[in-house]
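> Take a look at the following structure, please.
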Amino acid sequence: MKAPPFECVVAASVGEALDALTADEDAVLIAGGQSLVPMLALRLAAPTVLVDVNRVSELQGVVRADNGGLSIGAMVRQTELLEQPALADRQPLVAETLPYIAHHAIRNRSTVGGALAHADPAGEWPLLAVLLQGTIDVATRNGGRRIRAEDFFVGPLTNALGQGELVRGIELPPMGSDTGWGFHEVARRPGDFALAGAGALVAVHDGEITSARVVLMGTTPVPTVLSEVEPALVGHRPEDIFEPLEDAMPASESFQGDAHAPPEFQRHLSRVVMQRAIQQAAARAHGAEVP
Amino acid sequence: MNDTTMQVNMTVNGESIEIAVAPRTTLADLLRGPLGLTGTHLGCEQGVCGACTVLLEGAPVRSCLLFAYQADGAEVRTIEGLAEDGELHPLQELFLEKRAFQCGFCTPGILMGLVGKPQGLDREGIRDYLGGFVCRCTGYEPILAAAEAYVAQSEDERPKDGE
């Protein structure tokens, strides 16, 4: 189907975009359009006005932060980000994970800010933002505010932005040099929406896990740190985490289930992706080699 | 029906185009309708099937997920712009040789997706890359064979950037 009719404002600046968003409560932002346009084509949304920010230069740019982290503008396209040397240097987990987003042609238009704002429960960017404890930089009529990633994703396809606000970019703190990082997702075909995905940051000493941060997505409404998992892993060798992980996982009843996977399958997939992400991360951790 | 139109200028297969479009007219609809370039196909209109893939500033994009006004000022290349002066592009020659198409519905999208050899595509990456294109006829093997042969062609034999 074709999109319903709308008016279009091609914004030249963040200020102009905010004005247009505020002027009409049914106005919606369009960035890469790779999630929005299918929704319009399926008539799942019928905004009266599209505020196009593709030409807003303030939203561009990837900047190495003085603290060793990375600042990424909302309009940076996934492919463009993958081509930045700063990404491989400073955020190798992001570099590893981005190719899982859809397909190459989609990544050529899809933007970081759009992926964050869309808050897809199976989205790689929401998971990365939460795992890496990023901060979302939000433009508002009063200058701006910052929202921690874990507070930004409120529910499926629901973010913490108010009316007349937009994502300006994300700041990712520096990654620890001793922690290993890993990501794994399961989908029916390469490029499909993930049925389940997990990211992990793991530290290892003398062959045993000393700390782990694990975030799960796809089987949960928002990217989720399962609070029982990290303590269950500490003290175990990475190759022996199946049992502690299985014991620490919530029961099947805690998973909602959907058209693609009933709750038991979601629980199983969740365990699988977490285990693989943790083991990948452990293998990359400094000191992973057994003396 | 919404009457507002937007004026867009773009280059399509080397030709300058100036036209008024409704905001919601997709690039695919512009190409196939007013411009008569029906080689770009519409399979799903959701970005999944890849049949609508064209080159925007040399990079593959889903033309069903771009509004035509967004291509203002850009260079667009479609399947009609692949052969030059009646000479098939080497990738097209390989598709013929390997019998990499049957009904041809998915073919233009795959050709435009492959022609620029995006991301330094190599033999391992091709199978995953073709996951972005739905083909119902061939079972993919002959497409894979043509794509692998294309990737294997030496740098100086192959024209740059899908020329």
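> Could you tell me the center-to-center distance, by alpha carbons, between region B:50-105 and region A:268-284 in angstrom?
Answer, in whole Å: 39.
> Please state the equivalent ellipsoid semi-axes for region A:121-172: what are the square roots of 5 times the Cα gyration tensor eigenvalues, largest first, in whole Å?
Values: eigenvalues 69, 33, 12 Å².
Over the Cα atoms of region A:121-172, the ellipsoid semi-axes are 19, 13, 8 Å.
> Is chain B rounded, prolate or oblate when judged by the Cα gyration tensor, a ≥ b ≥ c being the square roots of its eigenvalues, rounded requiring a/c under 1.5 and prolate requiring a/b larger than b/c? Don't skip to the end; give the middle numbers.
Working: a/c = 2.15, a/b = 1.67, b/c = 1.29.
The shape class here is prolate.
> In Å², nearest 100, what accessible area do chains B and A bury in total when the solvent probe is 1.4 Å? Don't jump to the answer; show the numbers that get you there.
Details: alone 8710 and 13450 Å², together 19670 Å².
Its buried surface, counting both partners, is about 2500 Å².
> May I pose another question? In degrees, nearest 10, range 0 to 90: what is the angle between the Cα axis of helix A:263-284 and the longest Cα principal axis of chain A?
So the inclination is approximately 70 degrees.
> Could I ask something else about it? In terms of the ratio Rg/(2.2 N^0.38 Å) built on C-alpha atoms, what value belongs to region A:223-291? Let's see the in-between values first.
Working: Rg = 13.4 Å, N = 69, 2.2 N^0.38 = 11.0 Å.
Dividing the Cα Rg of region A:223-291 by 2.2 N^0.38 Å gives 1.22.
> Still on this structure, I have one more. To the nearest 10 degrees, how steep is helix A:14-23 against the longest Cα principal axis of chain A, on a 0 to 90 scale?
Here the helix axis deviates by roughly 70 degrees.
> Against the empirical 2.2 N^0.38 Å scaling, what ratio does the C-alpha Rg of region A:58-194 come to? Spell out each step's value before the answer.
Values: Rg = 14.2 Å, N = 137, 2.2 N^0.38 = 14.3 Å.
Taking the Cα Rg and dividing by 2.2 N^0.38 Å, one obtains 0.99.
> Another question, if that's okay. So which residues in region B:10-34 end up with at least 10 square angstrom less accessible surface once the other protein chains are there, compared with the chain by itself, probe 1.4 angstrom?
B:P23, B:R24, B:D29
> First check a/c for region A:9-52, with a ≥ b ≥ c the square roots of the eigenvalues of its C-alpha gyration tensor; if it is under 1.5, answer rounded, and if not, answer prolate when a/b is larger than b/c or oblate otherwise. List each step's numbers first, then the result.
Details: a/c = 3.40, a/b = 1.63, b/c = 2.08.
Oblate.
> Right, another one. Rounded if a/c is under 1.5, else prolate if a/b beats b/c, else oblate: with a ≥ b ≥ c from the C-alpha gyration tensor eigenvalues square-rooted, which is the protein assembly as shown? Please report the intermediate quantities before stating the final value.
Working: a/c = 1.89, a/b = 1.33, b/c = 1.42.
Verdict is oblate for the protein assembly as shown.
> Just how much of A:S227 is accessible, in Å², when a 1.4 Å probe is used and the result is rounded to the nearest 10?
90 Å²
> When the C-alpha atoms of region A:148-291 are aligned to their principal axes, what extent does each axis show, in angstrom, from largest down?
55, 36, 29
> While we're on this one: Need the C-alpha centroid separation for region A:19-37 versus region A:70-135, integer Å.
If you average the Cα positions of each part, the centres end up 20 Å apart.
> Report, as an integer, the average count of C-beta atoms from other chains found within 10 Å of each Cβ along B:62-71. Walk me through the intermediate numbers first.
Working: counts 10, 1, 4, 13, 5, 9, 0, 4, 10, 0.
What the average comes to for B:62-71 is 6.
> Using a probe radius of 1.4 Å on heavy atoms only, what accessible surface per residue do you get for region A:144-265? Whole Å² is fine. Before the final figure, lay out each step's value.
Numbers: 5870 Å² over 122 residues.
Result: 48 Å² per residue.
> Report Rg (one decimal) and Dmax (nearest whole number) for region B:89-149, counting Cα atoms only, units Å.
In order Rg, Dmax, the Cα atoms of region B:89-149 give 10.3, 29 Å.
> How would A:W125, A:W181 rank on accessible area, largest to smallest, probe 1.4 Å?
On the way: A:W125 0, A:W181 45 Å².
These residues rank, largest area first, as A:W181, A:W125.
> Would you list the P(r) distribution for region A:90-144, with all Cα-Cα distances sorted into 10 Å bins from 0 and each bin expressed as a whole %?
Percent of pairs per bin, in order: 20, 53, 22, 5.
> Largest first and to the nearest Å, give the Cα extent of region A:1-75 along each principal axis.
Taking max minus min along each principal axis of the Cα atoms, region A:1-75 gives 46, 24, 18 Å.
The values are calculated or read from the model by the stated rules, or taken from the named source; none is laboratory data. Values in this document were obtained by computation on a predicted structure and should not be read as measured data. Reconstructed Cβ throughout: ideal geometry from the backbone, glycine too, with neighbour counts over all protein chains shown. For the accessible areas, the whole protein counts, side chains as well, though only heavy atoms, and no ligand, DNA or RNA atoms are used. Shrake-Rupley method; radii C 1.70, N 1.55, O 1.52, S 1.80 Å.
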